[in-house]
Amino acid sequence: MKALQIVAAALGKSLGGIQVEVDPNASTAYTNGRKVVLPVLPVLVDEERADVTLGLVCHESFHIRDTYLGGRLKGLPPEGITYTPLKKRLQNALEDARIEHRGFKRYPGSRKFLDALVTFAIREGWFRNPSRKTKPGNLVLFGLLFHYRAHFLGQHALDAIADAWEKKAIKTFGPDLWDRMVAIADKAVVANNPEAPWYAADEICRLLAGKDANAAKQAAESEDNDLDQTDLAEMLPSDSTAAKNGTDVPIEKHLVQPVKESPIASYLDLSKGESKRVYRKVAGPLEAKLWAKAQEDEWVSRTGTAGVVSNSLYNVQTTGRVFRNRVDGDSRSMTVHLLLDSSGSMGAVNVKEKSNYWANAGAFALVQLFSALGIEWSVSWFDDEYYPGRTYSSAPLSPKDPWLVVAGGYTELPKAMSEAGKQLVCEAETDRKLLLVLTDGRANEAKTKPIDDALMDQGIEVRYVLIGALQGFGFAKDRVSHGEMQNTATAMIGAFRTFA
Ligand SMILES: [Zn+2]
């Protein structure tokens with residue numbers, strides 16, 4: 001199983017810093033010119049489903065990069081070109097070929113995701129042979145689309161289908177007209193600008209309209225409902241059960257109140273007091289671990305010397321390039337995301353005999369330490385919902401920052417880790433990223449491990465602090481630490497023992 005949301009977010013980021021968002025009301029993937037928007041995605045999916053979705057992320061990202069030029073173009077026809085349904089669809093088909101060709105050159109790794117998407121489209125009957133009833137407009141459209149997908153983009157799963165369409169197109173329009181259409185389109189798919197497919201589509205439409213032959217005229221005069229959709233994005237790999245079940249109520253964002261506005265903020269007072277004692281225990285050992293890391297990186301950013309070890313400092317040549325890279329990437333060195341279990345079993349935050357009291361005391365202590373070390377942090381919470389906290393910053397905890405006081409559903413750790421992971425992938429700008437999970441629950445290993453794997457693959461170091469039962473976390477081996485409530489501080493230190 002694959003942690004789809006995390007890999008989709010990471011892929012978007014690697015394709016030129018493109019943000020991938022989920023819109024619970026979206027019925028299909030699309031781009032608004034700046035972001036890729038996907039319909040509701042499951043947290044975990046099988047390999048094929050993941051690749052198909054990632055194919056859509058690539059395709060839409062390429063549109064952002066090459067069709068919309070980062071939001072400066074709206075994707076409208078250039079001046080002087082009048083809209084017709086066939087022209088619009090033709091433009092889209094040629095633009096798809098153009099942007100994927102450019103995308104594959106830039107990101108060779110993206111090809112396999114589009115291949116998976118095309119194979120899926122064939123199996124689902126989205127891409128199929130022409131029928132006896134195929135209208136002339138579709139013949140032009142899909143004849144050209146499949147021609148370029150198979151023979152220009154090299155999506156060879158389409159070879160036979162492309163040949164069937166081409167044969168029928170030649171039979172209908174004659175070899176001469178077909179060759180002329182292909183010759184016009186050939187220039188558009190290798191052009192540098194997004195207007196080229198519009199001009200090519202315009203030229204092809206004029207060519208068809210100027211013919212005496214019935215089929216050509218009929219093609220040029222196609223109405224919207226004569227033509228089928230060509231864009232891959234229309235093909236929805238999501239089961240989007242939410243939309244199908246008619247529950248079009250958008251997923252509620254559970255925003256956590258600023259502490260100072262919470263009528264029950266005083267519930268936190270006791271564990272805040274406790275956090276001072278926890279702090280005294282964790283500060284020394286963790287400072288030694290984290291300070292060295294934080295300082296080394298900050299020092300590197302200021303001097304421009306990378307990869308140094310302290311005893312050979314004076315041997316190392318400073319280079320401007322390294323300096324620039326470091327500063328471009330932001331000189332702050334580490335981001336820690338604390339993910340706190342707030343499910344019912346954690347109990348009340350103001351009762352010393354409950355895990356929640358200790359988890360909060362530990363969290364207050366840790367964020368104080370992180371701020372002292374200039375480490376960026378955020379806290380979020382989960383039960384069966386996810387409650388995002390403040391944005392990443394090394395500023396000390398402020399009364400304006402949100403803090404969850406009461407939750408109490410059941411424990412849905414994989415979903416919470418997926419959400420927190422996405423946030424780390426998309427929003428943390430530091431080289432080093434750490435997700436620290438505090439929970440009393442047992443893990444569902446089959447569902448938690450794939451998320452853990454995906455996060456570690458993205459360079460996010462995951463550590464678990466377990467208050468209570470140690471069950472189902474075998475996969476995390478030495479990245480998990482365990483202690484009873486009063487030993488939360490020791491457990492926290494233990495979670496960092498493999499932190500190097
Ligand atoms: Zn497209």
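The values are calculated or read from the model by the stated rules, or taken from the named source; none is laboratory data. Since the structure is predicted, the reported quantities are computational estimates derived from the model, not experimental observations. Note that we place each Cβ from the backbone using ideal geometry, even for glycine, and neighbour counts take in every protein chain shown.
Descriptive notes on the structure:
- Qualifying position, being over 26 Å from Lys167 (Cβ atoms), among the aromatic types (Phe, Trp, Tyr) and buried (at least 23 other Cβ atoms within 10 Å of the Cβ), among Phe62, Phe104: Phe62
- Taken over the range 1-31, the criterion of being part of a helix (DSSP H, G or I) and of a type outside the set (D, E, K, R) is satisfied by Leu4, Gln5, Ile6, Val7, Ala8, Ala9, Ala10, Leu11, Gly12, Ser14.
- When Gln19 is tested against (1) in contact with a Lys or Arg (Cβ under 6 Å, 6 or more places away or on another chain); (2) under 30 Å from Glu221 (Cα atoms); (3) surrounded by fewer than 16 Cβ atoms within 10 Å (Cβ to Cβ), exactly one condition is not met: (2).
- Scope the range 183-202; condition surrounded by 17 or more Cβ atoms within 10 Å (Cβ to Cβ) and assigned to a helix (DSSP H, G or I); matching residues: Ile184, Ala185, Ala188, Val189, Ala196, Pro197, Trp198, Tyr199, Ala200, Ala201, Asp202
- The condition of being in the same structural domain as Pro175 (by TED's automatic domain parsing), at pLDDT 90 or above and surrounded by 14 or more Cβ atoms within 10 Å (Cβ to Cβ) does not hold for Asp231.
- Being β-branched (Val, Ile, Thr) and modelled with pLDDT of 95 or more is a property that Val480 lacks.
- Output for the range 470-500, where each listed residue is out of contact with any Asp or Glu (no Cβ under 7 Å at 6 or more places or on another chain) and of a type in the set (A, V, I, L, M): Leu470, Val480, Met485, Ala489, Ala491, Met492, Ile493, Ala495, Ala500
- Residue within the range 385-394 that is more than 21 Å from the chain's Cα centre (by Cα), over 25 Å from Gln486 (Cα atoms) and not charged (D, E, K, R) present: yes
- Applying the criterion of being of a type in the set (A, V, I, L, M) and outside any strand (DSSP E or B) to the residues of the range 32-45, the residue that is nearest to the ligand (Cβ to nearest atom) is Leu41.
- Checked against the criteria, Tyr83 does not count as within 16 Å of the ligand (Cβ to nearest atom), surrounded by fewer than 20 Cβ atoms within 10 Å (Cβ to Cβ), in the same structural domain as Ala29 (by TED's automatic domain parsing) and not aliphatic (A, V, I, L, M).
- Hits in the range 468-489 - residues which are buried (at least 17 other Cβ atoms within 10 Å of the Cβ) and either of a type in the set (Phe, Trp, Tyr) or assigned to a helix (DSSP H, G or I) (or both): Phe473, Ala476, Arg479, Met485, Thr488, Ala489
- Any pair with Cβ under 6 angstrom, 6 or more apart, that starts in the range 209-228 at a residue that is within 16 Å of Lys88 (Cα to Cα) and ends at one that is part of a helix (DSSP H, G or I) and β-branched (Val, Ile, Thr): Ala219/Val140
- Residues that are more than 16 Å from the ligand (Cβ to nearest atom) and either closer than 30 Å to Ala219 by Cβ or at pLDDT 90 or above (or both), drawn from the range 49-76: Ala50, Asp51
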